[in-house]
Amino acid sequence: MNSGTTIHYDEMFDAAGGVRLAYAGYADWYAGQDPHWLKKQSAEAEGFFRRTGITFNVYGNDAGEERLIPFDMVPRIITAAEWRRLSRGIEQRVRALNAFLHDVYHRQEIVRAGKLPERLLRENAAYLPEMAGFVPPGGVYTHIVGIDLVRTGPDEFMVLEDNARTPSGVSYMLENRETMMAMFPELFTRVRVRPVSDYPRRLARSLAASVPPAATVASGSRPTVAVLTPGIYNSAYFEHAFLADQMGAELVEGSDLRVVDGRIAMRTTRGWQAVDVLYRRVDDEFLDPLTFNPTSVLGVPGIMDVYRSGGITIANAPGTGIADDKAIYSFMPEIVEFYTGEKPILKNVPTWRCSEPQSLAHVLEHLPELVVKEVHGSGGYGMLIGPTSSKREIAEFAAKLRARPDNYIAQPTLALSTCPIFTRAGLAPRHVDLRPFVLVSPNGVDITPGGLTRVALKKGSLVVNSSQGGGTKDSWVLED
Amino acid sequence: MLGRSANGVFWMFRYLERAENTARLLDAGFRMALTRGDSASSDEWRSVLVTMGLDHDFRARGGDYTGAQVSNFILRDKDNPGSVLAMIEAARTNARMVRTAITREVWEATNESWMILRDRLGRPARESNLGEVLGDIRRQATLVRGAMEGTMLRNEIFNFARIGTFLERADNTARILDVKYHVLLPSVAWVGSSLDHVQWDTVLRSVAGDRAYRWLNAGSMDARGIASFLILDGRFPRSLTFCYEKLRSNMAGLAREYGVETRAHELLRNTGSRLHQTSIDRIVEAGLHEFIVEFIACNLDVATAVAKDYRFTD
């Protein structure tokens, strides 16, 4: 998607070419570096990632082919004041999401109050009837949330997407920082950046705080936490292994687990050992072949029964994907207000629901300017980007839209902010977004300063997805 | 630890050990071929394939027993699931699977080995660079071992890794002996012939024992001495006795950590005491070949019992 001639907010330089406050320290340092040396460092970063094995598999390519997400060495920088406001907005939104999830699986007050059409729940595959009337241990639905933010101006951050299902990318946040500190140690003595490295410890603590009723954790010992991965061919396997390793948790596959005496147990060299908290990176659909997809070999037969009888904590809870739905997203301002009684601090991107005839008419008329997304889609697949599509592509998409309007939402093409990347010719602006990672436990909400910045490496492109040629940057929140 | 992880670590190190031993075996075949005529060297290449259990596959694929063809088949042929490249890949896949059980340095050494050897073995090896390629394989295996030695906790994970290493090494040394046992049998007609010396030298070289043997035996070489060296000399790190001494110690480590011995411990003790209570005279008298065949079977039984006792699979 191309940004055309719109004026973009650049996060490093103002319109007159002056350096903005957030980047003052970095720009100083950058000006003092030898460009040849920087080029060499940039080239070496890839080797570092390859050796470390930070790769991801691209679906649809040859099985087992591993690719790198390109890393850009110019950090994306946020001031302490900007971050304070952002984190207030994120916390508000995440609390609302959890209250919303509890409500949709219980009394559905929000539907009764006429704020959300019941149809959006009823006709949604992400809504799991198995979760109705059940309260997850500690009352937490989304232990880990990723809130995708885009920026359009000095004070304008908007939420593009909520990831309440199984947000990924946190390992890149951590490895990007490690890489930057290894490449430019002196930079971190000149600019004071808030650390992110304790994320795995906070994650472990947060998960351990959500033990299920059946867990018997002896005093002085820790609950047993395991990370459930689909296996080494999954695109995010590196991250699953990385997090398990950093947390000191077991990395398990479905075949390692079974129901033993009303608990989920893993096959260890000593026998079956009960798991208290399962951080699962397997989708709902594959979690339990007895309850969901019967052909799944990635999950554990019977885990939903164990879960519902208090034998295990599943993080995130099954059925949280309903909150990722883009039709639900369009109601987030109402949702936030309904459960918190406050105005939302973070705005939504304006969204047309194609299910509404008036909106559909508007969308059909303005397709060349709009971005149209499937309500259940993710990862940048199955969408139309009006400004870069041919007449024929638009006509084809319009037919799909007319056939199933309620399957789509549309948004304006945003003037996303840019941040410079390092190129052979020097710094060049590219569009970015930001995914902060949020931990929720019965003890509260914990937001790691910064998050993962994704960057569209192609000039003018607005698509930051790693599956579609995006890269990542280290994201800095400055100390006060 | 997970049974699957124990299995992964165990096989990761078996594959690495096998890849390294294969490189040594090829190296010995290569030297032998350099010093001999075509027909004799084709026998030698064939025996390398037999030792690795690959002769059948090689013949099925159709090829001549020349250095280039045999080396490429063993090192990198896509039709050969037991190629060195396939083993390095299998070791790396296992390492990836047990990423949380090994240190970052062990993982990076393994991953880097795979990256380097995949490039190296991406092109056919020629006689002119075969030595270099084989050297790379040995060097990479050494790097992984070094990372392991220097960074891994001495716990069950380390023990499973070592048990995999030494079961594989014992098996490999025994297989070399099995294929070459006739060379080591006393035969009136051949004793002292130069052919014998070359053959013996190859056997020693294929387990990297040529220098050690000469050093211990002050330059004199005889068949019985070599057999004894490879089977019974606890000082030589590729001898059966050495491997079983290490296995004993790593299995004892497991028993200590778990507070209980298993059937694998019992089997290991039986096989170990066989080595302990015998002498080369008795082995030769009862039949060198029979002794080795039986050893290989017992070694396999130990491996099977370890996998079962420690729940490697469901």
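Do we find that B:M12 is in a helix (DSSP H, G or I), within 14 Å of chain A (Cβ to nearest Cβ) and among the hydrophobic types (A, V, I, L, M, F, W, C) in this structure? If you could, list the steps in order and put the result at the bottom.
Details: in a helix (DSSP H, G or I): yes; within 14 Å of chain A (Cβ to nearest Cβ): yes; among the hydrophobic types (A, V, I, L, M, F, W, C): yes.
Yes; evaluated as a whole, the condition is true for this residue.
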What number goes with the only condition from (1) free of Cβ contacts under 8 Å to residues at least 40 places away in the same chain; (2) away from chain B (no Cβ under 11 Å); (3) buried (at least 16 other Cβ atoms within 10 Å of the Cβ) that A:V252 does not pass? (2)
Surrounded by 18 or more Cβ atoms within 10 Å (Cβ to Cβ), of a type in the set (A, V, I, L, M) and assigned to a loop (DSSP other than H, G, I, E, B), is that true of A:V297? no
Selection from region A:31-48 of residues that are touching a residue at least 60 places away in the same chain (Cβ under 8 Å) and of a type outside the set (S, T, N, Q): A:P35, A:L38, A:K39, A:E44, A:A45, A:F48
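Answer yes or no as to whether B:I292 is out of contact with any strand residue (DSSP E or B) (no Cβ under 9 Å at 6 or more places or on another chain), more than 14 Å from chain A (Cβ to nearest Cβ), outside any loop (DSSP other than H, G, I, E, B) and modelled with pLDDT of 95 or more. Let's see the steps before the verdict.
Numbers: out of contact with any strand residue (DSSP E or B) (no Cβ under 9 Å at 6 or more places or on another chain): yes; more than 14 Å from chain A (Cβ to nearest Cβ): yes; outside any loop (DSSP other than H, G, I, E, B): yes; modelled with pLDDT of 95 or more: no.
Criteria not met by B:I292.
Can you tell me how many residues within region B:96-108 are part of a helix (DSSP H, G or I) and within 9 Å of another protein chain (Cβ to nearest Cβ)? Break it down stepwise before answering.
Residues of region B:96-108 that are part of a helix (DSSP H, G or I), as a first pass: B:96-97, B:104-108.
Those still in the list that are within 9 Å of another protein chain (Cβ to nearest Cβ) too: B:96-97, B:104, B:107-108.
The number of residues fulfilling the criteria is 5.
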For A:G341, indicate whether it is at positive phi and of a type outside the set (V, I, T). yes
Being of a type in the set (G, A, S), touching a residue at least 12 places away in the same chain (Cβ under 8 Å), in a loop (DSSP other than H, G, I, E, B) and farther than 30 Å from A:D474 by Cα: is that true of A:G133 here? yes
Among (1) more than 20 Å from the chain's Cα centre (by Cα); (2) of a type in the set (G, A, S); (3) assigned to a helix (DSSP H, G or I) - the single one B:G122 does not satisfy: (3)
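Would you mind stating whether A:P167 is at pLDDT 90 or above and in a loop (DSSP other than H, G, I, E, B)?
Working: at pLDDT 90 or above: yes; in a loop (DSSP other than H, G, I, E, B): yes.
Yes: the conditions hold for A:P167.
Out of curiosity, is A:Y307 in a strand (DSSP E or B) and within 19 Å of A:H143 (Cα to Cα)? Let's see the steps before the verdict.
On the way: in a strand (DSSP E or B): no; within 19 Å of A:H143 (Cα to Cα): yes.
Against the criterion (in a strand (DSSP E or B) and within 19 Å of A:H143 (Cα to Cα)), A:Y307 does not qualify.
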Check on A:R95, farther than 27 Å from A:R435 by Cα and among the basic types (K, R): no
Only one residue in A:K343, A:K373 is assigned to a strand (DSSP E or B) and either surrounded by 18 or more Cβ atoms within 10 Å (Cβ to Cβ) or in the same structural domain as A:E123 (by TED's automatic domain parsing) (or both), so which one is that? A:K373
Could you pull out the residue among B:R14, B:R46, B:R92, B:R99 that is at pLDDT below 90 and surrounded by 17 or more Cβ atoms within 10 Å (Cβ to Cβ)? B:R46
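Residues being in a loop (DSSP other than H, G, I, E, B), in contact with a Gly (Cβ under 7 Å, 6 or more places away or on another chain) and not aromatic (F, W, Y): count how many of those fall in region B:232-259.
First, pick out the residues of region B:232-259 that are in a loop (DSSP other than H, G, I, E, B): B:233-239, B:259.
Now restrict to residues that are in contact with a Gly (Cβ under 7 Å, 6 or more places away or on another chain): B:236, B:238.
With the extra rule that they be not aromatic (F, W, Y), the set shrinks to B:238.
Qualifying residue count for the region: 1.
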Within region A:222-233, is there a residue that is touching a strand residue (DSSP E or B) at 6+ places or on another chain (Cβ under 9 Å) and more than 13 Å from chain B (Cβ to nearest Cβ)? yes
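Rundown of residues vs (1) closer than 30 Å to A:D28 by Cβ; (2) of a type in the set (V, I, T); (3) at pLDDT 95 or above, yes/no style:
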residue: A:F188; (1), (2), (3): yes, no, yes
residue: A:L207; (1), (2), (3): no, no, yes
residue: A:S210; (1), (2), (3): no, no, no
residue: A:P213; (1), (2), (3): no, no, no
residue: A:G220; (1), (2), (3): no, no, no
residue: A:S235; (1), (2), (3): no, no, no
residue: A:F238; (1), (2), (3): no, no, no
residue: A:G248; (1), (2), (3): no, no, no
Of the numbered conditions (1) hydroxyl-bearing (S, T, Y); (2) in contact (Cβ under 8 Å) with a residue 24 or more places away in the chain; (3) not assigned by TED's automatic domain parsing to the domain that holds A:R85, A:S389 fails exactly one; give the number of that condition. (2)
I'd like to verify a number: residues in region B:292-314 that are of a type in the set (A, V, I, L, M, F, W, C) and under 19 Å from A:R258 (Cα atoms), how many? 1
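So, in region A:261-270, how many residues would count as being surrounded by fewer than 18 Cβ atoms within 10 Å (Cβ to Cβ) and either touching a residue at least 24 places away in the same chain (Cβ under 8 Å) or within 13 Å of chain B (Cβ to nearest Cβ) (or both)?
As a first pass, look at region A:261-270 and keep what is surrounded by fewer than 18 Cβ atoms within 10 Å (Cβ to Cβ): A:261-262, A:270.
From what is left, the residues that are either touching a residue at least 24 places away in the same chain (Cβ under 8 Å) or within 13 Å of chain B (Cβ to nearest Cβ) (or both) are A:262, A:270.
So the answer is 2.
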Would you be able to say whether some residue in region B:268-281 is assigned to a helix (DSSP H, G or I), over 28 Å from B:L153 (Cβ atoms), touching a Phe, Trp or Tyr at 6+ places or on another chain (Cβ under 7 Å) and among the aliphatic types (A, V, I, L, M)? yes
If we ask which residues in region A:271-313 are at positive phi and within 14 Å of chain B (Cβ to nearest Cβ), their number turns out to be 1
Tell me, please, whether a residue that is within 23 Å of A:Y233 (Cβ to Cβ), within 9 Å of chain A (Cβ to nearest Cβ), touching a helix residue (DSSP H, G or I) at 6+ places or on another chain (Cβ under 6 Å) and surrounded by fewer than 24 Cβ atoms within 10 Å (Cβ to Cβ) can be found in region B:112-126. yes
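For region B:60-79, does any single residue satisfy the condition of being touching a strand residue (DSSP E or B) at 6+ places or on another chain (Cβ under 9 Å) and either part of a helix (DSSP H, G or I) or more than 14 Å from chain A (Cβ to nearest Cβ) (or both)? Can you show your working first?
So the first thing to find is which residues in region B:60-79 are touching a strand residue (DSSP E or B) at 6+ places or on another chain (Cβ under 9 Å), and the list is none.
Among the residues of region B:60-79, not one is touching a strand residue (DSSP E or B) at 6+ places or on another chain (Cβ under 9 Å) and either part of a helix (DSSP H, G or I) or more than 14 Å from chain A (Cβ to nearest Cβ) (or both), which makes the answer no.
Is it true that A:V464 is at pLDDT below 95, under 25 Å from A:V94 (Cα atoms) and of a type in the set (A, V, I, L, M)?
On the way: at pLDDT below 95: yes; under 25 Å from A:V94 (Cα atoms): yes; of a type in the set (A, V, I, L, M): yes.
When the stated conditions are applied, A:V464 passes them.
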Got a sec? Which of B:I292, B:I283 is over 17 Å from the mean Cα position of the chain (by Cα) and crowded, with 17+ Cβ neighbours inside 10 Å? B:I283
Can you tell me which residue is farthest from the other protein chains (Cβ to nearest Cβ) among those in region B:222-266 that are aliphatic (A, V, I, L, M) and surrounded by fewer than 16 Cβ atoms within 10 Å (Cβ to Cβ)? B:A252
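From the list B:A264, B:A161, pick out the single residue that is hydrophobic (A, V, I, L, M, F, W, C), within 20 Å of the chain's Cα centre (by Cα) and modelled with pLDDT of 90 or more. Steps first, please.
Details: B:A264 fails: within 20 Å of the chain's Cα centre (by Cα).
Just one listed residue meets the conditions, B:A161.
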Filter result for A:E46 (of a type in the set (D, E, K, R) and modelled with pLDDT under 95): yes
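The values are calculated or read from the model by the stated rules, or taken from the named source; none is laboratory data. Values in this document were obtained by computation on a predicted structure and should not be read as measured data. A quick note on method: Cβ atoms are made from the backbone with ideal geometry, for glycine too, and the neighbour counts reach across all protein chains shown.
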